Amino acid sequence: MKLTRDFKETVNERVKKDPEFARALFNEAINLFLNGETETAKLILKELVNSTVGFEELAMSTSKPSKSLHRMLSTKGNPTMNNLIAILNVFRKRLNVDITVQVAEKKEKTNDK
């Protein structure tokens, strides 16, 4: 999924003005990761990086090269669990949040014809 420049600018401005929006995006990225939608999750995290800490600061905070972080969060990137946790921890601190997980019983889909 290619994002338009207008979309990126809109997200960037909203994240800077609205901390709740940034936290909601972070929450959505984590939920997507846990539910196997990694490509979309990485896109959201990449936009959060661009809108908040930037890749250079993220590189310093995680002790990972900026280019490696760019690759990890690309559509074909495959971050290790340790690298992903390092990135998530930067956002936990930056957004002042804790991560909690709640398991819910899967709801059966019904076909309403």
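The values are calculated or read from the model by the stated rules, or taken from the named source; none is laboratory data. Treat the numbers as computed from the prediction; the structure is a model and nothing was measured. Cβ placement follows ideal geometry from the backbone for every residue including glycine, while neighbour counts extend to all protein chains displayed.
Observations on the model:
- Across region 71-84, a minimum of one residue is classified as at negative phi, outside any loop (DSSP other than H, G, I, E, B), modelled with pLDDT of 95 or more and under 11 Å from the mean Cα position of the chain (by Cα).
- Output for region 71-91, where each listed residue is exposed (fewer than 14 other Cβ atoms within 10 Å of the Cβ), closer than 22 Å to V15 by Cα and in contact with an Asp or Glu (Cβ under 9 Å, 6 or more places away or on another chain): T75
- Selection within region 31-54 - crowded, with 17+ Cβ neighbours inside 10 Å, among the hydrophobic types (A, V, I, L, M, F, W, C) and part of a helix (DSSP H, G or I): L32, F33, A41, L43, I44, L45, L48, V49
- If you check V97, V11, V101 for being among the hydrophobic types (A, V, I, L, M, F, W, C) and without any contact (Cβ under 8 Å) to a residue 60 or more places away in the chain, only one passes: V11.
- Top-ranked residue of region 26-65 - restricted to ones that are more than 15 Å from V15 (Cβ to Cβ) and of a type in the set (A, V, I, L, M), ranked as farthest from the chain's Cα centre (by Cα): M60
- Subset of region 1-30 that is part of a helix (DSSP H, G or I) and among the aliphatic types (A, V, I, L, M) - its residue that is farthest from K93 (Cα to Cα): V11
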